[in-house]
Every structure is written in C-alpha cells, then in structure tokens.
Amino acid sequence: MTKTIVKVGMASCGVAAGARPVFDRLSTLLDGRDDVVLKQVGCVGLCFSEPLVEIEREGVRSLYGKVTPELAEQIVQDHVNQGKVLTEGLIFSTSEAAPENTMVEKQVRVVLRNCGRIDPEKIDEYIAAGGYEALKKVLDSMPPEQVIQEILDSGLRGRGGAGFPTGLKWKFARAAQGSDKYVVCNADEGDPGAFMDRSVLESDPHSVLEGMAICAYAIGATHGIIYCRAEYPLAIKHLNIALKQARERSFLGERILGKDFSFDMYIKEGAGAFVCGEETALIASIEGKRGTPRPRPPFPAQSGVWGKPTNINNVETLANVAWIIQNGAGAFNRHGIGKSRGTKVFALAGKIAKGGLVEVPMGMPLREVIFDVGGGIPGGKAFKAVQMGGPSGGCIPAALLDTPVDYESINATGAIMGSGGMIVMDESTCVVDVAKFFLSFTQRESCGKCPFCRIGTKRMLEILERISKGEGKMEDLDLLEELCAQIKDGSLCGLGQTAPNPVLTTLKYFRAEYEAHILDRKCPAKACTSLIHYTINPATCIGCTKCARVCPVKAISGSVKQPHVIDDETCVRCGQCINVCPVKAITVE
C-alpha cells in the first residue's frame, strides 16, 4: 500500500506565519494511522503563502498555502481521506487538471533541490535523495586534481557576491604550502532582505556539509569551520544535528568511509557584524579578535585561519558542489550564459506579489524573474526599480528590466549580483529614502578602520537626510558624487568600496527625483514625511470621527457630522487616518 505523505514547511518563515499550530492539528488528526506519514520539512520557497502544507497521494503532489488549523482539518477529511483536491488554498498541483504556476515551473532547483522535500533533521532522508553519493564518488574514484577540474569545468563562481571562479580558488588553496589547511563556510548572511543561506541551512544542512567535505578532500584540508551568525538559531540547531549524524555515519571524522581521508568541522557563531562577511574580517572573528579587515595579500589561500592556508566559500556555493560532482560539470553549465553558469538563488522581497526563495537559471531576464516567477507588483502599481546586491548593490530601473541575470550584465548597470537579495520597489517608493536606508545600514556596520568609510559615509548620510527634509542644495548632488568616488578609492574592504553604490545608481537613474526634493521641496513618491501634507476635503468628509479617534497625536479635530481639519504642525504623517476613512476624504500632497 502506497502511503500518503503530508509535509509541513517548518523553516523560520513557516513557524513565524503559524505553521506550528497547523502541524500540531495534523499530528492529532493523523495520530495512529499507518497509511499516512506526517513530517516537517524546510523552506518550500513560497514564503508569501505560509503556512504551507503539501499532500503527496498516489503520485500526485498538491501544495496548499495560508493553511490554518481549520483548513488543515478540511484537507485531511477531503484530500487525505478521499483523494479530493481542494480548491481553497491550492497553490500548485502536479495533477493534469491543475492550473499553471509560473513561480514553480520556471525554476531550476539545484541548490534548493531538497528544500521543502526532506526532513532536515533526518540524515536517512538526505541519503535517500542521493545525499553523500558525491562524497563516496570522489573518495572512490576521483583524485583531488580531478575534483578541482570538474568544478572548474562547471563554471561555478562564488555565490557570496564577488563571483570568483570556485575551482580556481580551490586550486590556489591546494597549491599552498602546508599540511594543515582549513575549509570555512561563510554563513554570515547580513544583507537586509536576504535569507537564502538561512533557508538552505535550515532545510538541507547536509548538502553544505557534503560540499565542505568534498572541498576539503580536493584541497587537502583536515579542519572545517561553519561561521554562522547567532541570529539563526534554527539553522544552528539543524547544523548541530547534521554534524552529529554525519559523524555517526562516518561522513565526518577520522578515516571517512574507511578511506585515507580525515576531516571534521565545528560551528563558530558570529555576533552579527555585517563586515564579518568579508573574508579577512571573518577570519579575525574566528580567531577571537575584533572583526576588522586586513590588507591582502596575503590572501586566505596562503595565510588564513591561524595563519594556515584557508579556502572560504559561502553556503550557496558549497550546496552546489555535491550536485555537480554527481551529475557532471556539463549538466550544471548547460544552464546560464557567458561566464555565468548554473543557477542562482534569490530572495524576492519588497513590493512584490509572491515574495520568497526562488532559484532560476543564470541569464533569465529581470523582467521574467520579477513578473513571471515573482508575480509582479501587487495592487496594480507600477514597477519602479529593483535593488540588487543589498546595501552593497544598486537600484536597477524599469528601463533596464530586460537585463539578464548574470554577473557581467548586472555589474554594467552599477549594481552587483551580491549574495542574492532582490528588493523590489513600486511607484510609492522614494529612491532618496532607499539610498538613505542602505547607507544608514553600511554606516552603522562600518568597522571604523578606514577614515573614508567611517567618516565619509556619515557625511553622505547627513546630506541625504537634509535632502529628504527639503533642506538640500543642488551642490549637494555634486558633493555626494565626489564623496562616493573618495570612499570607493580609500576603503580597504568591500563594505566601504561598495557602500556608495545605492547612492550612485539612484543618482544615475533617478536624478530628477533628487532635484524635486531640492528645488520643489516635494517628494514625488509622497514618502518623505517632511515633504508631504495631509488634507481633508470638506466636501467629502462626513464627520464620522474615525480619523480623529485613531490619530496618535490628536492632530485631527472637528464635530460629529461636520468636516474635520488636520493641524499640519502636529501631524506625524503616520497614515492611520487614511486607512480608516470610509469616504477617502484624506489626501496626501
């Protein structure tokens, strides 16, 4: 008898949306049944519709979104018990009668191959999905040089942002002198709006461990370190479970799988400093020092952790490795264009209908990623720009929506690929405000070692704050560009060198919006509170008093059934009055 499998997405996104009560209700309903298997899985990727429940029955997979305990009960009664697929909450189904879902169908899952499919706490499920076969393959039949060549042939580039060829990095580390070498997984994901690495570690930790072990074999390392920020408790929990299981099965430790190869690793929890995503700052933090960058050379491949040769890759890069070894370089590099091969994981966030975690082939146009996979802009509003590369990246405007997603093309726009954060903006987003937000982040996260980064970003932030208040001058725009160039040239690490990017790209593509703030003292997007005013149309207002009752600063006055007025000096532009007005009498000017 084929069992029905019920899967509940229990990654951080699912738990935050209420997956725990749903899982508990299903557990109660299915308790004692031999024909049904209930299990928790990681991030399915469709975070916009959490909590998610998938039913696999008689070879057909059906995914339900925004599941409540009540809907879960209905799913059991109709779908699990009788095989009737519900229409309520249905997102996707492999049934022939199901409608198309471009968010699912346009993806190619390599890194995310097991996410949302297996229980991340059970090594047997990873093994059943082909896990650790790649490690066995390299230990049985591939010399280290052949492994490195396979990674080189695949065209895999570092997915942490810089895009350096992974195989070349491994080649340098293998050639480095010394028998004591380290493999470090950089899981210090700090970009606002980015959650790719967290989701992989929570959902498929063994894929990262296997990738690290293969890397260690290739470069001749015996020590491994996973540098993960402490703000990821579920990821760390799943990593610890995976490490224990891997050691018990001889995938880690002394003489792995009985071969002449020993390798083990431990987790180093970071305190959350964004600058520790930079390799040399990360190494300093591992060694117990303050996380500040140092000049290169020497590069980590020659002198890294404790002065030993060290190879550092991020989570997504390492999660690709086992798949490439098992399926071959050709299977990987058939996806992509030019020098950008394979797939890329993105965290879709911001003003987008279907926010979540997606994996698409390199070279897919931004338009397709945002509108076909991400569902476009909600509320019928117009697309304005997309911020790629987080605080180190830049804004790409609507005119460049057909730009293919590859390293060179994205760099040509002034943005960067980054680790994969993609924050979408609509017409209500103010680019001055966006630049100010990202610059405030990098300014706060600067380690302070370089004066240009420490002081220059502060001066830039002060200028942006003046502009957003209507106190800017046209000369400020020239000064901003001058400071950007100096900070780029005078900063030691990538944080300072890329901190001006959001300002440079918004100035390049949206200069008129900056000028409107300065010359007209207006915010075209009506987002900067110092430059907008709320007014009540007396001809429309019915005097219901709803706006006055919700105003947190008592800025609205008026008698019942009489037109109300807003005191502009007191108003804090919170928008609560607009949300409750039943006749839309309040406007923003």
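Each value in this text was obtained by applying a stated rule to the coordinates, not by laboratory testing. Keep in mind that this is a model prediction, so the values were computed, not measured. Here the Cβ positions follow ideal geometry from the backbone for every residue, glycine too, while neighbour counts run over all protein chains shown.
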Open item on the list: Within 14 Å, Cβ to Cβ, of Gly494, how many net charges do the neighbouring residues add up to if Lys/Arg are +1 and Asp/Glu are -1?
Closed with: -2
Task: Cα shape, the chain, gyration tensor, a/c 1.5 rule - done: oblate
Task: Selected from Gln326, Tyr514, Ile467, residue furthest toward positive end of dipole (the chain; charges at beta carbon) - done: Ile467
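Mind listing which GluC sites (Glu not before Pro) in the range 1-96 are in a DSSP loop and have 12 or fewer other Cβ atoms within 10 Å? Don't jump to the answer; show the numbers that get you there.
Working: sites: Glu54, Glu56, Glu58, Glu70, Glu73, Glu88, Glu96; in loops: Glu58, Glu88, Glu96.
Taking the range 1-96 and a limit of 12 other Cβ atoms within 10 Å, the loop GluC sites (Glu not before Pro) found are Glu58, Glu88, Glu96.
How long are the semi-axes of the equivalent ellipsoid of the range 222-280, defined as square roots of 5 times the Cα gyration tensor eigenvalues? Whole Å, largest first.
Working: eigenvalues 137, 42, 5 Å².
Largest first, the range 222-280 gives 26, 15, 5 Å.
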TODO: Multiply the residue gap between Leu30 and Lys554 by 0.36 nm, knock off their C-alpha separation, and tell me the result in nm, one decimal place.
DONE: 183.3 nm
- [ ] Note down the magnitude of the dipole of the range 330-382 about its Cα centre, charges +1 on Lys and Arg C-beta and -1 on Asp and Glu C-beta and zero elsewhere, to the nearest 20 debye.
- [x] 120
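Taking the Cα centre of the range 450-548 as origin and charging only Cβ (+1 Lys, Arg; -1 Asp, Glu), how large is the dipole, in debye to the nearest 20? The partial results should precede the final answer.
Details: 13 positive and 12 negative charges, 83 e Å.
It works out to roughly 400 debye.
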- [ ] Report the label-to-label distance for Leu257 and Asn327 in nanometres (one decimal), using points 7 Å from each Cα along the Cα→Cβ vector.
- [x] 1.9
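Could you tell me whether the range 371-516 comes out rounded, prolate or oblate from its Cα gyration tensor? Rule is a ≥ b ≥ c as square roots of the eigenvalues, rounded for a/c under 1.5, then prolate if a/b exceeds b/c, otherwise oblate. Provide the component values of the computation, followed by the final result.
Numbers: a/c = 2.01, a/b = 1.34, b/c = 1.50.
Since a/c reaches 1.5 but b/c is at least a/b, the shape of the range 371-516 is classed as oblate.
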Open item on the list: If each DSSP helix of 4+ residues adds -39,500 (n - 2.57) and the sum is divided by the residues in the chain, what number results at 222 nm, nearest 500 deg cm²/dmol?
Closed with: -10000 deg cm²/dmol
- [ ] Search the structure for amide H atoms under 5 Å from the amide H of Gly270, placed 1.01 Å from N in the peptide plane, and list their residues when 5 or more places away or on another chain.
- [x] Cys228, Arg229, Ala230
- [ ] At 7 Å along the Cα-to-beta-carbon direction for both Phe164 and Lys473, put a label point, then send me their distance in nm to one decimal.
- [x] 4.4
Open item on the list: Testing the spin-label approximation: label points 7 Å from Cα along Cα→Cβ at Lys289 and Arg444. State their distance in nm.
Closed with: 2.7
- [ ] Could you list which residues have their amide H under 5 Å from that of Met422, counting only those 5 or more apart in sequence or on another chain, with H placed in the peptide plane?
- [x] Ala347, Ala349
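Hey, can you rank 19-30, 4-15 by average C-beta count inside 10 Å, highest first?
On the way: 19-30: 17.8, 4-15: 23.7.
Averaged packing, sorted descending, gives the order 4-15, 19-30.
What does the extension gain come out to for Gln576 and Lys84, with contour length at 0.36 nm per residue minus their alpha carbon separation? Can you show the working numbers first?
Working: separation 492, 0.36 × 492 = 177.12 nm, distance 4.34 nm.
Contour length minus Cα-Cα distance gives 172.8 nm.
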Task: Shape category assigned to the range 104-168 from the gyration tensor of Cα positions, a/c cut at 1.5 - done: oblate
- [ ] Report, by chain and number, residues whose modeled amide H sits under 5 Å from the one on Ser303, excluding near sequence neighbours (fewer than 5 apart, same chain).
- [x] Thr310
- [ ] Quote to one decimal, in nm, the extra length available between Gln74 and Ala230 on full extension: 0.36 nm per residue of separation minus the C-alpha distance between them.
- [x] 52.3 nm
Task: Cut-off 17 Å, label 7 Å out along Cα→Cβ of Lys3, residues of the range 22-44 by amide N - done: 26-41
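Quick one: dipole size for the chain, taken about the Cα centre, charges +1 on Lys/Arg Cβ and -1 on Asp/Glu Cβ, in debye to the nearest 20.
Numbers: 67 positive and 68 negative charges, 155 e Å.
Computed about the Cα centre, the dipole is about 740 debye.
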TODO: Take the alpha carbon atoms of the range 525-579, find their center, do the same for the range 1-59, and report the distance between the two centers in whole angstrom.
DONE: 46
Task: Computed E for Phe437/Asp567 - FRET, C-beta separation, R0 30 angstrom, nearest 0.05 - done: 0.55
- [ ] Restricting to the chain, compute how many DSSP beta bridges are antiparallel as a %, nearest 5.
- [x] 55
